[in-house]
1. For the chain, the longest stretch holding no GluC sites (Glu not before Pro) located in a DSSP loop with at most 12 other Cβ atoms within 10 Å is which?
2. What is the distance in Å between the Cα centres of the range 242-318 and the range 65-87?
3. Quote the convex hull volume per residue of the range 247-353, based on C-alpha atoms, as a whole number of Å³.
4. Could you check the simple spin-label distance between residue 350 and residue 70, using points 7 Å along Cα→Cβ, in nm with one decimal?
5. Springs between alpha-carbon pairs under 10 angstrom, Gaussian network model over the chain: which of 50, 282, 34 fluctuates most?
6. For residue 313 and residue 207, compute 0.36 nm times the residue count separating them, minus their Cα-Cα distance, and round to one decimal in nm.
7. I need the phi-derived Karplus couplings for the range 143-155: 6.51 cos²θ - 1.76 cosθ + 1.60, θ = phi - 60°, integer Hz, Gly and Pro marked x.
8. Please report, to two decimal places, log10 I(q)/I(0) for the chain at q = 0.08, 0.09, 0.11, 0.12 Å⁻¹ as given by the Debye formula with identical point scatterers on the Cα atoms and no solvent.
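What follows draws every value from the coordinates through simple rules; no lab data is involved. No experiment lies behind these values; they were computed from the predicted model shown. Using ideal geometry, Cβ is built from the backbone for each residue, glycine included, and neighbour counts are taken over all protein chains shown.
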Amino acid sequence: MTPTPIRHVALAAATALLLAGSALAHDPDFTSDFARDRCTFTTTGSNPYFPLWPGYALLIEGEEEDEGEILEISSLTTVLAATELVDGVVTRVVEERESEDGELTEVSRNFMVYCRETGDVWYFGEDVDNYEDGEIVNHDGSWRAGTDGATPGIIMLGTPVIGARYQQEDAPGVAEDRGEVVSLGEEIETPAGTFDRTVGILDTDALEPGVPGDPKFFAYGVGQIVDEELELTEITPPFCQPDATTHCLSDGRFRVTVEWETDQGTSGAGQAIVPSDDSGEFWFFNPDNTELIVKVLNACDVPEFNRFWVFAAGLTNVGVTITVVDTGSAVPPQVYENAVGQPFQPVLDTNAFATCP
């Protein structure tokens, strides 16, 4: 299949929006009520089009024309280990650093959080530093949900469908970006690779009515791969990447896996389910039957400990081996074992990792 030229896809998306007509800031066609009460929020999540894995970074680059001058543009987006309390919710900080011709122009700290029930990634605001000649000149574009009438939006849907229209930013008079899903499955070629499981989203700004909008593309398992003329050039893997048998706990720093063995000699890997920021569950034989829960807690600010703790509890008498790896240091992993046929003995290790901060 011949890759669809990016500029053609972008033009088709823009044309679709123009045919629909311009929308007002509070056009009811753009959903702004997302039933926040139904969400259990977590700062790490597995939305395949917008991963929140600490340490994960995407670099997109390209050229833009500004008054006849060609500028080299780059944007580096990094999921930080840092969190921020915004409007009563602990959010993940996602930093974006934008440059023109190698000169820093903007640094934004975006506050994102994952809704476990829907898979949506919510957007609770951003702190913006705008630069000129290496100096911060203003903070235009900054907003936080719960302040000055601002409410959270959605930056990525858990289940994108063509035609879905939703508010991304909802800070009246400051930030009122909106998204519309305009394509699914377009094959997009970038310097970092070719992707065919994609979502095309047209971003428009209610503060700039009549402006066609900006086409963006996101790839399954990757995240953003195109932003107007910018294309993905480099992917930095996260500290720890969760998968079917792996939990990444304590802000994604600690990799936790489990092996099990029965008295008949059968064995396997624990299947990771129900993750949160600090703890995760595993099942062995049936996904409806949790066998084990492991948590890694940050006690670095507790003077008498200054450690990361590891706790575990099980509802099983099969043999269990828990391996916890600190991806942020070179220390050996901690391994906890429970013998076959013995009731699981709780793990209460408050000396597990002397690797603060």
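1. Between the exposed loop sites, the longest stretch runs 118-303.
2. After rounding, the separation between the Cα centres reads 35 Å.
3. Considering the Cα atoms of the range 247-353, their hull volume per residue is 92 Å³.
4. Placing both labels 7 Å beyond Cα along the Cβ direction yields 6.4 nm.
5. Comparing 50, 282, 34 in the GNM, the peak value goes to 34.
6. Taking residue 313 through residue 207 to full extension adds about 32.9 nm, to one decimal.
7. For the range 143-155, the Karplus curve yields 6, 9, 4, x, 10, 6, x, 6, 10, x, x, 10, 8 Hz.
8. Debye intensities relative to I(0), on a log10 scale: -0.46, -0.58, -0.82, -0.95.
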